[in-house]
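J.: Quick one: structure below, then a few questions.
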Amino acid sequence: MKQDWIRQGTCEDASAAFSEHGQTPGRYVALLRGERCQTYEGFFSECAAAFQFPGYFGSNWNAWDECINDLDWLEFTSLAIVIDRFELLFSKEGHLARDRYLLEQSFDEWTRYWQEEKGVSCFVVAFSKEKLVLPRYVLPERLNGHFRITDIITRSDTVLTGYLECCGDRAFEVFYDAKLKRSWIGEYSLYATARGLAFLARCASCGGEIRLLNCRREEELTSAIPHQLFCPKCGKNEFALKVSLEYPSDAAEQEETNERGEAFGWIWVAASCCACGKELKHLVVFEND
Ligand SMILES: [Zn+2]
Ligand SMILES: [Zn+2]
């Protein structure tokens, strides 16, 4: 979504936008009032009212996703969502940065779905009393659809943390081109060799591969990834992978989405063995340059 979908403005500005959209023939306009959306529960019931969700709507994110992409019960040729007091949205839930980021992603997918799949124009506009700029961080493209964000911390830079997911699960086999070393306090970490460092996660159910890192020398980029990770405690080979990406504040200024996604300065990967729970907390600590 473009940066300007959140504007500085009052409830009156939002009402004005609501009636303006309403004047377009065939447009269904939903008004969401930030004051009623301070919790997830509130957001769900506000959406249910504004979009006349059916009685079976389950007040959770999956159900929300399903309903907002269905809307079979409404008549329209185009859609608009107007939000007032956006600064209050999810303000009582305690994960403000993450929730706003995820909401933006959802709206982004939503508008794209209706426009591209259904040929229905979609508009989302929000008004905030205070000037509000969402952090513009995007994930590396290869993680799209495979990364469940659990936390976003924004100080001078932004750290996105989440788990790799595939097939609704978090079990991956891990392959690497690096040197696995055990430190004197017993921590296992992967170190770049002269070839560089590569790290690949393979979904334990479908075999789909996520090339998390391939920071090897140009001529090594396509070569096979030689080593597989086995749990040092139980010898098994499936791990849950928690990944943190740190984006410096200027990463948001990159023009291309792809470049923006790759602009992280550091990446951390922690693995925990699916069989015995052994944690490799600092498996990868890597500066991306
Ligand atoms: Zn899979
Ligand atoms: Zn184990």
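J.: Could you give every pair whose Cβ atoms fall below 8 Å, whose first residue belongs to the stretch 272-286 and is of a type in the set (Lys, Arg), and whose second residue is in a strand (DSSP E or B) and away from ligand 2 (no atom under 13 Å from the Cβ), counting only separations of at least 6 or pairs across chains?
T.: LYS281/ALA270
J.: Just to be sure I understand the filter: pairs with C-beta atoms under 7 Å, separated by 6 or more residues or on different chains, first member in the stretch 113-133 and of a type in the set (D, E, K, R), second member in a strand (DSSP E or B). Which pairs pass?
T.: Close Cβ pairs (under 7 Å, with a partner that is in a strand (DSSP E or B)) amount to LYS131/GLN8.
J.: Of everything in the stretch 211-225 that's surrounded by fewer than 14 Cβ atoms within 10 Å (Cβ to Cβ) and either farther than 21 Å from TRP268 by Cα or not basic (Lys, Arg) (or both), which residue is nearest to ligand 2 (Cβ to nearest atom)?
T.: Residue satisfying both the conditions and the ranking: ALA224.
J.: Now for a different question. All but one of (1) among the aliphatic types (A, V, I, L, M); (2) within 16 Å of ligand 1 (Cβ to nearest atom); (3) in contact with a Lys or Arg (Cβ under 7 Å, 6 or more places away or on another chain) hold for ILE152, so report the exception by its number.
T.: Of the numbered conditions (1) among the aliphatic types (A, V, I, L, M); (2) within 16 Å of ligand 1 (Cβ to nearest atom); (3) in contact with a Lys or Arg (Cβ under 7 Å, 6 or more places away or on another chain), the odd one out for ILE152 is (2).
J.: Need pairs with beta-carbon distance below 7 Å; first residue free of Cβ contacts under 8 Å to residues at least 60 places away in the same chain and away from ligand 2 (no atom under 16 Å from the Cβ) and within the stretch 193-210, second charged (D, E, K, R) and not in a strand (DSSP E or B); sequence gap 6+ or separate chains.
T.: ARG195/ARG217; ARG195/GLU220; GLY196/ARG217; GLY196/GLU220
J.: Mind telling me which of the residues GLU220, GLU187, GLU209, GLU246 ends up being within 16 Å of ligand 1 (Cβ to nearest atom) and touching a strand residue (DSSP E or B) at 6+ places or on another chain (Cβ under 9 Å)?
T.: GLU209
J.: Kindly list the number of the only condition in (1) farther than 28 Å from GLU141 by Cα; (2) in a loop (DSSP other than H, G, I, E, B) that fails for ILE83.
T.: (2)
Coordinate-derived values only; no laboratory data. All values derive from a computational prediction rather than experimental measurement. Here Cβ is always computed from backbone atoms with ideal geometry, including for glycine, and neighbour counts include all displayed protein chains.
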